[in-house]
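Derivation of every value follows stated rules applied to the coordinates shown; laboratory data play no part. If you're wondering where the values come from, they're calculated on a predicted model, not measured in any experiment. Here the Cβ is made from the backbone with ideal geometry for all residues, glycine too, and neighbour counts use every protein chain on show.
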Amino acid sequence: MSYRDLRNFSEAMRVLGFPRAISLESFRTPNWELVEECLRWLAARLEPDAVLSGGRDSVEQRVAMVTHALALFHSRANLKLNGKKLYGADGWAVRELLKVATLLRTALETPASDDTQADVALTYDVSSRLGEIKQARALSTEITAQGAFLYDLLAKEPENKEQRELALSRPLDMSAMEASLRRALDAVTAKVVAGREQIDNVAASEAALDAKLERRRAELQRAEKRLHTVQKIKPAYQGELTALEGEIEQLWDQYVLRYRCVEALKHQLSMLESAQAEAAEEQQAAIMQLIHKYETEDVLGKISDSDESDTSEEEKDLSEVKPPRPATRPKTRLRIKTAGGAAAESRRAFGSMAARDSLDDIRDDDSRSDTDLSDAQIYAGGDAASRWSRARPRPATRTIAPADDDDFADLIEGVQGGEDGDSLGSSSESELRLTSARPSAPTGRASALSDNEF
Amino acid sequence: MTVATFPDEFYPTGMHLFPKTNVSGTKHQHDVILISTADGKFHIVNHNGRIEKSVNAHQGACLTSQWSPDGAGLLTAGEDGFVKVWSRNGLLRSTLVQSDVPCFDAVWSPDNGAILYTRENFLIIKQLNSSSKITKWKAHEGLILRVAWNANNNLIISGAEDGFCKIWDTFGQQIAVSVKHDQPITSLSWSPAGDMFIIGSYSLIRLCNPNGWSHCLDRPPTGSIYDIAWSSDGTQLAAACANGHVLFAHIIDREYTWKNFACTQIGRKVISIKDIVTEQSDKLDYPDRVIQIALGFNHLVIATVKQCFIHKLTSWNTPVTFDLKDGTISMILLSERCLCVIERAGLSVYSYMGRLLASPRMGVRPETLGRAAVSLGPDALAVIDQGDRKCSYDLMHVFDLPTGLVVRSSTDNPVTKLTHKMTVSVIALCQTGPVSERQLALLDYNRYLYVVTVKESKPKFVKLGSQILSITWSSETELLVGLRASSVVAWCCPRAASQPDWLALTTVSKEVTDLGRNPTVLSVEDGVVRICRGNGSVLHLSIAVFPEKLLKHIASNRWQAALQLCRTVEDETLWACLAVLAWQYNQLEVAEEAFALIHQYHQVCYIQHLRSNVPERLTMN
C-alpha cells in the first residue's frame, strides 16, 4: 500500500510546490528529517505564522514537535492525525502527511474557478459598457413607471372587487356554457386542421426542394462532365504553337552558337593583330639600326671621298639630296608626336614630293652608294612614319580593317625588300601605302583601346 | 462508453494489452488485458471487462506486469523485489529475481529470450535460458523508475528520479542522454517503429528522436504523467495523468520532400503540399486520420485508417483510392512502377493505378520489419527473414513482381532465396536496370557492404567495403552511396567489384566532418546526396554529379554523349566508369579510348587484339 500512498504524496507535494523532490525510496527506512521538513512546510502553508517547536535531536523534542503539529492541524484544519504513526516516520507516516497534503491540494484546485470569476467581475472595462449603463437607466425609469401604474391599478381594486364578486355570484347557465365550450372546441379544431395543412405543405415543399436539389445536382454533374470534356480537348493551334516554340528554341541555340563563334573569332583576330604589330615594330627597329649603321658608314666613306675630291656632279647631287633630310626628319617626328591631322597632311605632302624627287634623281643616277643613301633617307622617313602608324592603334571599324591588313602585309614585304637593300619600287610603294593608311590613324586611338579590351 | 467499473479498492498500477500476433488458434485470446494492482495482485481481464483471473503475485504492490512479445507468458515485478514469470493462464513458471529492494519496472526483450529490470539505479539484463549471463550496469544517479526496450532498433531507454533519460544499447553502452528535467521521469514509451520515443514527467511531455535530441516539448497542466501508450501505427498516443485526465496526442508536422515537392502533415487529417517551382500549394483533406505518408517517384501516397490514396503529383486533386485490409499500416515503400504497403496482415504490392499486383507471404511478422529490412525495386521486393536469429546466417527473400498487364494469382510469384553467412542488418535493391541484372546491396552485422546480383544461378556476394553505416541506391541510376564515420563514398559501378583495381578507380570518396552519431543517407538524386546527420539536420552534398550523368547517358545508350562528357570533364574516375561500363556493354571502341586514358594499357592491347581478330558483328551485338 505504501507505494501508492507515497506516489500520491510525492505528486501532491510536487503540485503544492515543495522545494525538494520526494523520492519513492525515501521512506523505505524511517526518515525523520524528511518528515520534519514536510511537517514544518505543511504547517507553514496552513498557518503562515506558525513555527513548530521541537527538533530532531532528542526523543523529547521530536515528541514535542509531533504533538504541536497535531494540535495545529486539529485546530486549523480540523484534521485528526495519528501521532504514533507520524512519529514512526515510515510508510505509515506518509499516509498521515497525505491527509494534510490532499486537503491543501483540493483547496488549491477548487476555489480557482471562483477566483477567476471574481477577477473578471472586478476588472471589467467601463468604457466599453456605456451602452449597458444607458440601458440600465432606461430600465430603472421603466420600473418606476410600472410601479406607479401598478399602484393606480391597485387603487382601482375595491371597485373591481365588487364587480368581480357580482359576476361570480351570477348563476351559471349550462346551455350557454356548452355553446361557448363548443365554440371554443370548433376554434381549436379549426386551428388543428390549419396546422395539419401546414405540415402537409411542409412535406410538399420539402419534396419540391428535394426535386430542385436533384435537378441541381444533375446539372452539376452535367457541368462537371462538360468541364472534363472541355479540359480534355486540346486547344486549336496548340500543336502549331509547340512546334513553333521548338523551332524558336532551335533557332535561338543556333543564334547563340553563331554569336559566340563570331565573338570568339573577333577576339582571336585582335590577338593576332596585336601580335603582328609587335613583330613589325621589332623588325622596324632592327631595320632602323641597320640603316643608321649604313648611314654612318656612308658618311664616313663620303668624307673620305670628298677628301679625295670626287666629281662635282655627284657632289651637287648629294648636296641636292642632303639638305632636305636634316630639315624634314626632325620636323616629321615632332609633328607626328603632336599627332594632329595637319601633321599627317604635311607628311603626305612631304612624302609624295620630296621622296619622289629624290627617287627620280636617284633613278637618273647610277652610282650605287648614292642610291643606298637616298634609299636610306627614304626609309628613315618611311620607317619612322610606318612605325608611328603601327604604334597607333588599329582603326575602329571592321570595314577598314582588312584593307589595313593588306597594307600591313605589303609593308612587311616592303621592309623585307628594303632590308635586301635594292628594291626601290617596293619602298616607294610602302610610302604610298603609308599615306593612304594615314587618314584613318588619328581617329583610331580611342577605339583601338576598346579593341584591345575586347 | 464505460465497459466495466472495478470496485473501489482496485488500484491499478499498470495495464498491458495482449500482443497481437499472427499465430492462428489464439483468436479468443485477443483483447485480453493484464492489470497489475497496488495490492500485489495481477488480473487478467477480457475485452468486456470481466475479471477472468486474479493471482496473488507479490507482497506489497505489484508494480508492473507485461505480456511477453510472443504472447506465451507474462512477467510481474513487485515492491518486494521479486520478478516472476507466469504462464499465459496465470500459473507461476519461475521466480527470476529475488532482492530486498523494489523492482520498479521490468520489460521483456523483443525476442522473449531475456528480461530487463531495474534495481535502484542499476539496469540488469537477465537471460532466461542460462542464469549465468547477466549484464548489469549503473545507469543513473537516482532511482530508475521506467525502462523501455524497442523491438525494431533494439535500444533501451531508461528514466530516473534524477531527471535524466538515457538511451542504451543491449550491451549497456550509453548512446545518448537527454537534458536534465526538473522532476523525475515518470513514464517512457517507444513508438512501435522505433523512430521516436516519448518522455513524461511532471506536467511535461517530450517527443524525442532515437539519437536523443528532442522533436518537441509540451507542458500540459496535468501533473505527473504516469504512463504513456502508443497506438500500433505509431501516430497517436495516450497518456495517463496524475490529475485523473487522459491526454491524447497525435503526431503532426511530418515533412517529406522530393525534388521540387514538399508535403507536410499540418493536422490529423490535413496535408499541405507545395510545388516549390510553380509556387502551387494545396491542402488535402482526408476523411480519416493520416497514418503514413510517402512521397517520391512522382507520386504522393497517403494511408489513412481505412484507405490508401495515391496522388499523381501532376494532378494531385484526383487520387486513386483503394481500401486497406487491416487498419494498422506500418510502412509504405515506393518505387518507379509500384508501391508496397506493409500492414499487420501482410505485405501487399500495388500498382500506381491502385491494382493489387502481389501479396508475398513469408514467415516474418510484418510489424517487426524495420525500414532497413525491406527494400522495393521497380520489379522486385526483398525482405530479410529474421525468423531464425539463433543461426549465424540470414535468409533473404527476393520476390519478383509481375510487371506486365497480365495479372497472375498472388501465389506464383517466383521467389529467390539468398543466404548470407552473417546477420544482415540492411538491404537495398537497385532501382534501375533490367530484371535479369537486379542487384541487391546488403550491410551485415559487421558493417561490411556486399553487392549481389539476384538472378545469377550461383549468387556471389562481392564485398565493396567495410565500416559502412548506411547505404542508398540512386533512384535513377546504378549509383550506390554509402556512409562511413567521417566520409561519404559513392560506388559508380558496383558491378566492377569483381576487379579490385577497377572498383578502386570507380569509387569517389569525400570527407565530411561532424556527421554525428548514427547518420543515414536519405536519398541520392543527380549525384547530390542527402544525409541526415546525428543531430537531425539534413546535409546536401554533391559527390558524384558527373558520374551520375554519365550513368544516365549510358543507361539510355547514348555513348557519344557519354564520351563527350568524359572529354569535357577529364576526370579519371569518370573515364574509369566509362571504361568499365563500355567493357560490360561491349562498346569496344569507347572502352579502348577510356582504358587508354586511365592507363590500363594491357586492357587496351587486349581490346585491340579482339577488334583485329574477332569479326565486327560479334563484338557489336
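Numerical summary
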{"read-out": "Exposure proxy order (Cβ contacts within 10 Å, fewest to most) of B:Thr328, A:Thr242, B:Thr2, B:Thr507", "value": "B:Thr2, A:Thr242, B:Thr328, B:Thr507"}
{"read-out": "Peptide-level mean, for A:11-18, of C-beta atoms on other protein chains within 10 Å", "value": "3"}
{"read-out": "Tilt relative to chain B, helix B:601-613 - C-alpha long axis, 0 to 90 degrees, to 10", "value": "60"}
{"read-out": "Set of the range B:274-308 residues, backbone N closer than 17 Å to the point 7 Å along the Cα-Cβ line of B:Gln236", "value": "B:286-293, B:303-308"}
{"read-out": "Over chain B, relative contact order from alpha-carbon pairs under 8 Å, at least 6 apart, %", "value": "4"}
{"read-out": "Within straight-line cross-link reach of A:Lys225, lysines at Cα separation under 18 Å, skipping those fewer than 8 residues along the same chain", "value": "A:Lys234"}
{"read-out": "The range B:440-475-the range B:116-175 distance, computed between alpha-carbon centres (Å)", "value": "33"}
{"read-out": "Calculated FRET efficiency for the pair B:Thr278/B:Asn557, C-beta based, R₀ 22 Å, to 0.05", "value": "0.10"}
{"read-out": "Partner chain coverage, peptide B:100-109 - average Cβ within 10 angstrom", "value": "1"}
{"read-out": "Helix-only [θ]222 nm of chain B, DSSP H runs n ≥ 4, -39500 (n - 2.57) each, per residue, nearest 500", "value": "-3000 deg cm²/dmol"}
{"read-out": "Net lengthening on full extension, A:Arg258/A:Glu178 (0.36 nm per residue, minus Cα-Cα)", "value": "17.2 nm"}
{"read-out": "Acute angle (nearest 10 degrees) that the helix B:559-569 long axis makes with the longest principal axis of chain B, alpha-carbon atoms", "value": "80"}
{"read-out": "Neighbour-count order for B:Trp502, A:Trp252, B:Trp473, A:Trp41, fewest beta carbons within 10 angstrom listed first", "value": "A:Trp252, A:Trp41, B:Trp502, B:Trp473"}
{"read-out": "Summed side-chain charge close to B:Trp213 - residues other than B:Trp213 whose Cβ falls under 12 Å, Lys, Arg +1, Asp, Glu -1", "value": "+3"}
{"read-out": "Total charge dipole magnitude, the range A:2-111, about the Cα centre, Cβ charges on Lys, Arg, Asp, Glu only, Debye to nearest 20", "value": "300"}
{"read-out": "Net +/- balance of residues flanking B:Ile252 in space, Cβ distance below 12 Å, scoring K and R +1, D and E -1", "value": "+2"}
{"read-out": "Separation of the A:Leu290 and A:Ile233 label points, Cα + 7 Å toward Cβ, nm", "value": "8.7"}
{"read-out": "Neighbour-count order for A:Cys261, B:Cys493, fewest beta carbons within 10 angstrom listed first", "value": "A:Cys261, B:Cys493"}
{"read-out": "Entries in B:Lys510/B:Lys549; B:Lys458/B:Lys552; B:Lys417/B:Lys460; B:Lys126/B:Lys166 that, when Cα-Cα distance is taken, lie over 22 Å", "value": "B:Lys458/B:Lys552"}
{"read-out": "Cα-based helix-to-principal-axis angle, B:572-584 vs chain B, degrees rounded to 10", "value": "80"}
{"read-out": "Amide H within-cut-off set for B:Asp105, under 5 Å, with H built and near neighbours excluded", "value": "B:Thr118"}
{"read-out": "When the range B:518-609 is reduced to its Cα atoms, the Kirkwood hydrodynamic radius in Å", "value": "14.3"}
{"read-out": "Farthest toward positive dipole pole in the range B:12-249 [+1 Lys/Arg, -1 Asp/Glu at C-beta], among B:Ser224, B:Gly90, B:Gly194", "value": "B:Gly90"}
